[in-house]
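To start, the structure under review is shown below, and the notes come after it.
The values are calculated or read from the model by the stated rules, or taken from the named source; none is laboratory data. None of these values were measured; they are calculated from a predicted model. Here the Cβ positions follow ideal geometry from the backbone for every residue, glycine too, while neighbour counts run over all protein chains shown.
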Ligand SMILES: [Zn+2]
């Protein structure tokens, strides 16, 4: 039986998000109580550019992987119905 743990999870995520701020430099979230973003405060512009490129490539690959997985699952469900 499913509990209502997901409601608590969503409430925690909303609360956590309200305490965070988006860094304009690296576009990651960090606590509002910090004066500087801990993700990018000590890295130079060239290294930051490399990290942003790497993250963009990784997220693009993840989107493609999810699309392929959804197509495979759809095909499996369609073929299973006709067998
Ligand atoms: Zn940052």
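Looking at this structure, is residue 33 modelled with pLDDT of 90 or more and not in a loop (DSSP other than H, G, I, E, B)? Answer is no for this residue.
Evaluate the range 41-54: report whether one residue or more is within 14 Å of the ligand (Cβ to nearest atom), within 17 Å of the chain's Cα centre (by Cα) and touching a residue at least 12 places away in the same chain (Cβ under 8 Å). Scanning the range 41-54 turns up at least one residue that is within 14 Å of the ligand (Cβ to nearest atom), within 17 Å of the chain's Cα centre (by Cα) and touching a residue at least 12 places away in the same chain (Cβ under 8 Å).
Residues in the range 28-37 that are more than 17 Å from the chain's Cα centre (by Cα) and surrounded by 12 or more Cβ atoms within 10 Å (Cβ to Cβ) were compared, and the one that is nearest to the ligand (Cβ to nearest atom) is 37.
Checking the stated criteria, residue 25 turns out not to satisfy the condition of being at negative phi and more than 8 Å from the ligand (Cβ to nearest atom).
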